[in-house]
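One structure is given here, and the rest of the page talks about it.
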Amino acid sequence: MADSERIRPPWWLKPMNKIFMLAMRLGLPISGTEKPMVLTVVGRKSGKPRSTPITPFSVDGKRYVVGGFPGADWVRNARAAGVVTLTQGKRRDQMRMVELSPDDARPLLRAFPDLVPTGVSFMKNAGLVTEGKPAEFEALAGRCAVFRFDPITQDGVQNP
């Protein structure tokens with residue numbers, strides 16, 4: 001997937017993400033039906049851990065996440081690193097992130113507005129969709145990255 005398109009996130013996103021992650025760490029209740037997590041990935045330039053809140057969703061027993069902005073830093077870092085840490089509460093899991101092709105991403109993007117309703121308003125605010133209908137999200141295939149999380153076992157081998 002190309003990084004040629006980049007949408008600049010709103011100025012308030014980074015400070016809001018920090019507040020959101022602090023609330024999650026403190027165990028404060030987060031509204032919404034989705035289970036937000038913190039994704040930590042090594043920065044591709046700095047080599048330092050970078051964290052951002054995400055809202056993964058499950059389809060057919062597999063967990064996925066959609067990059068909310070074309071060219072987002074966490075997406076570029078995940079592509080470079082491949083292995084990330086997902087944190088929810090006190091649970092931390094190392095996962096391998098596999099980016100899907102646009103064709104494989106389309107049905108997941110189409111399901112996204114139903115599975116992650118909070119993501120709809122985020123994508124509307126970003127100007128990526130106007131109404132939040134499934135067809136609009138499906139049309140984002142190739143623009144917004146979709147990743148699958150694959151667990152890594154103790155010995156570093158990926159589970160089937």
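Nothing in this text is a laboratory measurement; each read-out follows from the coordinates by a stated rule. Keep in mind that what you see is a predicted model, and the values were worked out from it rather than measured. Methodologically, a virtual Cβ is constructed for each residue, glycine included, from the backbone with ideal geometry; neighbour enumeration extends over all protein chains shown.
See the values below:
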| read-out | value |
| --- | --- |
| Entries in Lys35/Lys62; Lys48/Lys124; Lys90/Lys124 that, when Cα-Cα distance is taken, lie over 26 Å | Lys48/Lys124; Lys90/Lys124 |
| ³J(HN,Hα) computed for each position of region 69-74 - Karplus, 6.51 cos²θ - 1.76 cosθ + 1.60, integer Hz, glycine/proline x | 9, x, x, 4, 4, 5 |
| Antiparallel bridges, percent of DSSP beta bridges restricted to region 75-160 (to nearest 5) | 90 |
| Qualifying GluC sites (Glu not before Pro) in region 74-160, DSSP loop, other Cβ atoms within 10 Å at most 11 | Glu131 |
| Inverse mean reciprocal Cα-Cα distance (Kirkwood Rh) of region 64-125, Å | 13.2 |
| Length gained when the stretch Lys45-Ser121 is fully extended (0.36 nm per residue, less Cα-Cα span) | 24.3 nm |
| J(HN,Hα) series, region 83-96, from Karplus relation 6.51 cos²θ - 1.76 cosθ + 1.60, nearest Hz, glycine and proline x | 9, 9, 10, 9, 10, 9, x, 8, 7, 10, 10, 7, 9, 9 |
